[in-house]
1. What are the equivalent ellipsoid semi-axes of region 481-541, built from the alpha-carbon gyration tensor (square roots of five times its eigenvalues), in whole angstrom, biggest first?
2. Mean residue ellipticity at 222 nm from the helices of the chain, using -39,500 (n - 2.57) per DSSP H segment of n ≥ 4 over the full residue count, to the nearest 500 deg cm²/dmol?
3. Could you point to the label whose value was computed as volume of the Cα convex hull per residue in Å³ for the structure here, given [x] 319; [y] 157; [z] 232?
4. When the label point is put 7 Å from the Cα of Q490 along its Cα-to-beta-carbon vector, which residues of region 517-535 have a backbone N closer than 19 Å?
5. Looking at the calculated P(r) for region 1-119, what percent of the C-alpha pair distances fall above 16 Å?
6. Ranking L301, L130, L463 by Cβ neighbours within 10 Å, fewest first, what do you get?
7. Show the residues, 5+ positions off or on another chain, whose built amide H is closer than 5 Å to the amide H of T22.
8. Can you list the residues, at least 5 places off or on another chain, whose amide H is less than 5 Å from the amide H of I114, using H built in the peptide plane?
Amino acid sequence: MRIAQNLYEGINIGGETVGLITYMRTDGFYIADEAIGSIRGSIKSLYGDKYLPKSPLQYVKKVKNAQEAHEAIRPTDINRTPDSIANYLTPEQLKLYDLIWKRTIASQMESAIIDQMIVEISSNDYQVILRTSGSNILFDGFYKVYRDNMETEDDSLLPAMKEGEACELISVTYEQHFTQPPPRYSEASIVKKMEEVGIGRPSTYSMIISVLQDRDYVVLDNKRFFPSSRGKVVTIFLKKFFDRYVEYDFTAQMEEELDLISNGNAKRREVLSQFWLPFFNNISSVKQMAYDEILDGISDLILDCFCSEEERNNIEKKCTTCSDGILKLNVGRSGAFFGCSNYPECRYTKEVTDSGNENSTYPKSLGIDNITGQEVVIKKGPYGFYLQLNSELDKKKAVAIPKDMNVENLDLSTAIGLLSLPKIIGEYPETGKKVKVGLGRFGCYVFYDNKYFSIKKGPMEALSIKLNEAIEIIANSTRKELKSLGFDEQGREIIICDGKYGYYIKCGKINVALGKDADIKNIDFKKAIELINNKVMKRKSTA
């Protein structure tokens, strides 16, 4: 969506900011008549008359909550082909624009004509029946636009066959297949599900997903969403005490009523009062409940959701750390856990996991730091996991474990490396000031001259960052980008920058100095490529 927003707001093309696509937060199918005329003209000139239908094609979408006040997403100028503006777009922008352009063109082209064949081959006793299918494209129609992405014809054709013809058995291959549970939602599939049940709008889908992630209700792993412990506990609480308001039909019905208000077919006060008065009474009754009463109400549901039978048998048993404490189910900011009844004197906690694995017990010792002689411990706090050096000092050193690191696979050496941050990695050559690398709330950073510079790498890479890499990060962060000239054949953006020592051209890791008095207005894409190539050739000749 961010890339689409950039294309909508405008891209610098030849010194002019040009909006390349229409408004993108819509799922409407409608295209303006004027635009259809341009599209049909492009089809005729690019592909010929046989790919152009006799009359424009019209599409209608009847889906609940469809936002059809805007046109379908399309290029603002269909004659602006992807190839003609490739030098001005990033690879990601070009890929998205190419998709939008091709689908817009294909939507007004003739249908493809495909000859499809289904063949069944059986044994003599008809006990074994094998089936296969193949197809032959008689007329490619709108597939013409996607020709580069289509399978070769040899991949889909079947040999000539006659009904009743005998087939020779060459070999038999045995394969066993097991059914799989439904996959976890991806960003695309969860949006499709919300559309099916009538939740949200195209303009709010992205926001809903962002809220789920920002509040740590879900974790995105390998492009799939998994519910977090916090998310499960919140869901159980809402279903127990606010069940009416988390049902699919309630949300869909509410959005329909809001649409009626917007269209002038319902009265605002009447609709809102029907919702607010019962909802307010529901909130008031829950607020009056004691914490233990709420916990008792959801304990069985939490145990059913999280715990194995073994974990359930350990409830109300003695704490393994102190002598007289017992383990009780509790709920914190990170989800459900078993805690000692002697808290805060005894801080033993045991995370409640779906597997009931005892390895989830925290605090968890990783070993002894040979330099300090102190124990390195993984602990779990209200904001997630963190490392701490256990010492007799009042102020114990602690550092948060990045969310993208697997806590179960964290070893002692990596933990010691994280605890060593922030650390000095050298001095800036021109000033002699210290350069540090560290790990903060928002990720890894370089610290120099009382300023923080973000490192766009993971924590493992940050631990091994060299001084020259840190200097490059600082230099790139302090430069002022003046103008983008486009992209070279390798997809690298060519930028004119204003740096500490004057103007220069940047292309990937190549910097070409221009000087403080350079006339940058006369430097275009062609001239920049020439200067970059000269710089590269000069490097090779001196190597």
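All of the numbers you see were taken from the coordinates with simple rules; none came from a lab. Note that the structure is predicted; figures quoted are calculated from it, not measured. Glycine gets a Cβ as well: all are built from the backbone with ideal geometry, and neighbour counts include every protein chain shown.
1. Semi-axes from the Cα gyration tensor: 17, 14, 11 Å.
2. The per-residue figure over the chain is -10000 deg cm²/dmol.
3. Only one option fits the structure, namely [x].
4. 525-535
5. Tail of P(r) above 16 Å: 64 percent of Cα pairs.
6. Exposure proxy ranking, most exposed first: L130, L301, L463.
7. Residues meeting the amide H criterion: R74, T76.
8. Excluding prolines and chain starts, which carry no amide H, the hits are L138.
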